[in-house]
There are 2 protein chains.
Amino acid sequence: MDLRTIGVIRSELRSRSHAPKQGSEGAPDAWLEVIAFAAEGLQGVDVGDEVIVITWLHEADRDVLRVRPRSDPRNPLAGVFATRSPDRPNPLGLHTVTVRAIEGNRLRVGPIEAIDGTPVVDIKPVI
Amino acid sequence: MDLRTIGVIRSELRSRSHAPKQGSEGAPDAWLEVIAFAAEGLQGVDVGDEVIVITWLHEADRDVLRVRPRSDPRNPLAGVFATRSPDRPNPLGLHTVTVRAIEGNRLRVGPIEAIDGTPVVDIKPVI
């Protein structure tokens, strides 16, 4: 079960510590650059579409199974599967975004809290 | 970017050809058996919760970039990122389900169209 990078996020957000925890919490728009081999898979994706971008949260700690939600030490420990913590055995990020513009292999999408350089592994329509 | 199996689907659905295309299209409930190493991550997941189960659609063709939606030859070709086809570079399945019951490391979830033996790679709360 090896993932292939199909795209990369190009964002003004440079570090996890400065990123909002969710797109709806003031995240910016970003570019999603689709890698050439996968570009054909974009056929039919249109401006205005709502899509789910699946990322690989490459800075996550994969050995964590319990966290304090929202990194708040006052919160009791919770299992990672009861939270959206990026720290988890498979650090997949789910981001529901709107396609704002399309320029060749690049999609402008947002709002999205993923940081610059985050690998993208899938794009799916919202159904 | 290697995924670790954190669970397995145990379903009456035995083959992809007999499975509905979406959970909402008449899919049954199934058991999600969480592997022992990851069980601690379930703390705080409760009966009645809506969760997103992420699966690895192990029978998918990863070299496909365009498909005829819903496997209907009358439909024009579309890029896989504009469809929910399991055939795509990274065959991740997203399944929004309700937790019906919890027995130790096993969650009864549904409706879910994933077939018996499908690996599970993540569980996230719906937000």
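Take the Cβ-Cβ distance between A:Asp61 and A:Ala36 as r, set R0 to 25 Å, and report the resulting FRET efficiency rounded to the nearest 0.05. For R0 = 25 Å, the calculated efficiency reads 0.20. Kirkwood radius and radius of gyration were both taken over the C-alpha atoms of the protein assembly as shown, and their ratio Rg/Rh is 0.95. Along its first, second and third principal axes, ordered by size, the stretch B:31-79 spans 46, 24, 17 Å in Cα coordinates. The separation of the stretch B:1-23 from the stretch B:52-74, counted between C-alpha centres, amounts to 13 Å.
Charge tally around A:Val47: other residues with Cβ under 11 Å, Lys/Arg +1 each, Asp/Glu -1 each, net -1. Counting Cβ atoms of other protein chains within 10 Å of each Cβ in B:42-49 and taking the mean gives 4. Evaluated at q = 0.12, 0.24 Å⁻¹, the base-10 log of the normalised Debye intensity for the stretch A:25-127, with identical point scatterers placed on the Cα atoms, takes the values -0.46, -1.28. Straight-line cross-link partners of A:Lys124 among the aspartates and glutamates, defined as a Cα under 13 Å from its Cα and at least 8 positions apart when in the same chain: A:Asp46, A:Asp49, A:Glu50, B:Asp87. Scanning chain B for the beta carbon that comes closest to the axis linking it by rotation to A yields B:Asp2, 3, distance in whole angstrom.
No lab work stands behind these numbers, since they all come straight from the coordinates. Values in this document were obtained by computation on a predicted structure and should not be read as measured data. Every residue, glycine as well, gets a Cβ built from its backbone with ideal geometry; the counts of neighbours run over all protein chains shown.
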